[in-house]
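Just so it is clear, none of the values below were taken in a lab; they were calculated from the coordinates. All figures in this text were calculated on a predicted structure; none of them were measured in a lab. Heads up, the Cβs are rebuilt from the backbone with ideal geometry, glycines too, and the neighbour counts pull from every protein chain shown.
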Amino acid sequence: MDYAAPKIYAIDIETVSQGKRARDYTDNKPYKLGNVKAEDKVKKALEEKRNEAAAKHGLFWFTGKVVSIAIVDIYGDDEPVCIYGVDEVEILKKASVYLDGHKLWGMSSEGFDCPFLIGRYMANDLPIPRSLKAENRLANDVNKFFGWSTSSSQRGSLADYIQGLGMEKKPLTGNKVQGIYDTVLAAKMEMDEVAEKAAWKEIIDYNIYDSQVVKEMVIKYNRGYDGN
């Protein structure tokens, strides 16, 4: 296999629930309910636990899936790329071109993007791109700029970093991605290619913008570094 010359990319993923499969799993998991004993309270507490788990499906590779991956060239002139859709296998296959052998930067990539992607490549029986593998991982996290302590006053969310950099805020937040995806999925059979892309546009723009924020952070951190 021929590999392209290594580049440096900022990446970001958007994820959603696997749907019924994930709900069946989390609805049937055992949950600790503490000292709740009364039957009606047990039922209510159990339903709350199940709903809480369902709301977090998209945060874990075993209950979520990738619906969009944005790739932004940090030091080169490549146009931003967003690979999106309802077919996760196709998304992951296309993304491998950017994730295999290239240096990657992300926001919370050590704790989220990388392990989530690894899990989804495994779940779909696809080769894991070299840049994600632990033994030769080429992925870096902008949180490293501020240390790893969860109590560090320097750490924050991507929205905090946007504020700190003085960049324009985007109205969409990650927790709205599921709703947009569900709407697209429900109407997909009635959409042509143009209408479908228009429906995805909010997610695409949001996904790319997050990668552009990471790019800006890496450039500012490495001011004076030409990427070579």
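Only Cα pairs within less than 10 Å get springs; with that Gaussian network setup on the chain, which residue of ASP210, ASP125, ASP40 has the largest fluctuation?
Highest fluctuation among the options: ASP40.
Could you give the distance between the Cα centres of the range 81-153 and the range 157-204, to the whole Å?
20 Å
Would you work out if the chain is rounded, prolate or oblate? Take a ≥ b ≥ c from the square roots of the eigenvalues of the alpha-carbon gyration tensor; rounded if a/c is under 1.5, else prolate when a/b is larger than b/c, oblate otherwise.
Because a/c hits 1.5 or more and a/b exceeds b/c, the chain counts as prolate.
Starting from the amide H of ASN140, placed 1.01 Å from N in the peptide plane, find each other amide H under 5 Å away whose residue is 5 or more places distant or on another chain.
LEU104, TRP105, GLY106
So what's Rg/Rh here for the range 83-204, counting alpha carbon atoms and using the Kirkwood radius for Rh?
Taking Rg over the Kirkwood Rh, I get 1.01.
Amide H to amide H, which residues 5 or more places from GLY64 or on other chains are under 5 Å from it, using H placed in the peptide plane?
GLN18
Order 212-219, 74-81 from most to least packed using the mean count of other Cβ atoms within 10 Å.
My ranking of the peptides, most packed first, is 212-219, 74-81.
Across the range 133-145, in residue order, what do the Karplus-derived ³J(HN,Hα) couplings come to in whole Hz, using 6.51 cos²θ - 1.76 cosθ + 1.60 with θ = phi - 60° and x for Gly and Pro?
Result, rounded to whole Hz: 5, 4, 5, 9, 4, 10, 9, 10, 10, 5, 4, 4, 4.
Using the number of other C-beta atoms within 10 angstrom as an exposure proxy, rank THR63, THR15 with the fewest first.
So the ranking, lowest neighbour count to highest, is THR63, THR15.
Using a 10 angstrom cutoff on alpha carbons, build the Gaussian network for the chain and name the most mobile of ASP73, ASP27, ASP100.
Taking springs between Cα atoms under 10 Å, the residue moving most is ASP27.
Rank the residues SER68, SER109 as a footprinting-exposure proxy: fewest other Cβ atoms within 10 Å of their Cβ go first.
SER68, SER109
Over 23 Å between Cα atoms: which of LYS49/LYS93; LYS7/LYS94; LYS65/LYS169; LYS7/LYS133; LYS49/LYS188; LYS144/LYS197 fall into that group?
Checking Cα-Cα distances, LYS49/LYS93; LYS65/LYS169; LYS49/LYS188; LYS144/LYS197 exceed 23 Å.
Nearest 5 percent is fine: what portion of the DSSP beta bridges confined to the chain is antiparallel?
70 percent
Could you line up TYR25, TYR161 from fewest to most neighbouring Cβ atoms inside 10 Å? Write out the running numbers ahead of the final one.
Numbers: TYR25 15, TYR161 20.
The order, fewest Cβ neighbours first, is TYR25, TYR161.
Determine which lysines satisfy two conditions relative to LYS43: a Cα distance under 26 Å, and not lying fewer than 8 residues away in the same chain.
Within the straight-line limit of under 26 Å, LYS43 reaches these lysines: LYS20, LYS29, LYS32, LYS56.
Using the Cβ atoms and a cut-off under 15 Å, what net charge is assigned to the surroundings of PHE116, where Lys and Arg are +1 and Asp and Glu are -1?
For residues surrounding PHE116, the net value is -2.
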